[in-house]
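**Student:** I have a structure here, written as structure tokens, and I will follow up with some questions on it.
Every read-out reported here was derived from the displayed coordinates using simple, explicitly stated rules and does not represent laboratory data. Nothing here was measured: the structure is a model prediction, and the numbers come from that model. As a convention, Cβ positions derive from the backbone with ideal geometry for all residues, glycine included, and neighbour counts pool all protein chains shown.
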Amino acid sequence: MSHPLFDISGSTALVTGSSRGIGLALARGLAQAGCRVVLNGRDGDRLAKTAAELAAEVSGEVHTAVFDVTDGPSVAAGIADVEQRVGPLDILVNNAGMQLRAPLLEFTDSDWHRILNTNLTSAFLVGREAARGMTERGHGKIVNICSLQSEVVRPGIAPYAATKGALKMLTKGMCADWGPHGVQVNGLGPGYIETELTQPLVQDEEFSAWVRRRTPAGRWGRTEDLVGGVLFLASPAADFVSGQVLYVDGGMTSVL
Ligand code: NDP
């Protein structure tokens, strides 16, 4: 029997950017734990198909919310619609994100704003709208998907690392503002995980071997590796945990 501290069944959970990759794996994990899950992305057809497949797989309630997490009015309307249609949000996972690799001297203004909006502004916009109800009701859990690059950086990804480093501080700031109202906010920092986003790196044999060498666990991460951490941070077991980032990286950020 599982411990009651980890019981999140019956909760309503929204995972942004859950049409594929890490977000979809996290949504699947929350659904398997008995949550009513809301998938989010920008492509309604793809999302509806994914939701139907997931609902059949987990025999649970899976809903969709199609909105662009970088667009303030769409986010506000999207969250209001979810809360009205599905129910008050208990859990929010701010996962939507993107990667753009280029040397800083070649990085364009428009790419800078695009990555900042997708990886950082989105968490502010969605977090703020979700927290309106959570703080009023006096409970809620928010998990911001950070990165090992919230801590360390390599050449060619400075803007990405800047967004993820700032997301770590936004997590702490949300914890400061909303903690007194019963909302715990934490980050989860994945290491190198095989998804569409990292396909170019996975296919680069030299880089891929470097990841395996640099990771004490000796392998790339799988999306399923991240599920346990999110379930913990979303559960009553984490009621006194807030403002932290849990790195799930096979040990990479801890060793030189
Ligand atoms: P993917 O590129 O595989 O998936 C990204 C998801 O975000 C998709 O579902 C996409 O949906 C959604 N998305 C992107 N932009 C928007 C937007 N403006 N509005 C709504 N949804 C959006 O990425 P991963 O699964 O690899 O990454 C997920 C998160 O994990 C990101 O925040 C990433 O930075 C972080 N991360 C990933 C690591 C890795 O190794 N993969 C390592 C560390 C952190 P759609 O295109 O359908 O709208």
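**Student:** Ordered by residue, what ³J(HN,Hα) values in Hz, to whole numbers, does the range 156-161 give under the Karplus form 6.51 cos²θ - 1.76 cosθ + 1.60, where θ = phi - 60° and Gly and Pro are x?
**Tutor:** x, 10, 4, x, 4, 4
**Student:** Could you check how many percent of all C-alpha pairs in the chain are farther apart than 32 Å?
**Tutor:** 17
**Student:** Please report, for the Cα atoms of the range 112-248, the Rg to one decimal and the Dmax as a whole number; what are they, in angstrom?
**Tutor:** 16.0, 51
**Student:** Measuring from label point to label point, each 7 Å out along Cα→Cβ, what is the L116 to F207 span in nm?
**Tutor:** 2.4
**Student:** Report the residue, chosen from R154, R212, R114, that carries the largest GNM mean-square fluctuation when the chain is represented by alpha-carbon nodes joined by springs under 10 Å.
**Tutor:** In the Gaussian network model the winner is R154.
**Student:** What is the spin-label model distance, in nm, from S254 to A237 if the labels are put 7 Å beyond Cα along the C-beta direction?
**Tutor:** Going from the S254 label point to the A237 one covers 1.7 nm.
**Student:** How much net charge surrounds H139 when only the other residues with a Cβ under 12 Å from the Cβ of H139 are counted, with Lys and Arg +1 and Asp and Glu -1?
**Tutor:** Its environment carries a net charge of -1.
**Student:** Based on other C-beta atoms within 10 Å, arrange I157, I91 from fewest to most.
**Tutor:** Fewest-to-most ranking of I157, I91: I157, I91.
**Student:** Give me the orientation-averaged projected area of the Cα convex hull of the range 1-61, in nm², one decimal.
**Tutor:** The orientation-averaged projected area of the Cα hull of the range 1-61 comes to 4.2 nm².
**Student:** 222 nm [θ] for the chain, helices only, -39500 (n - 2.57) per DSSP H run of 4+, per residue, to 500?
**Tutor:** -13000 deg cm²/dmol
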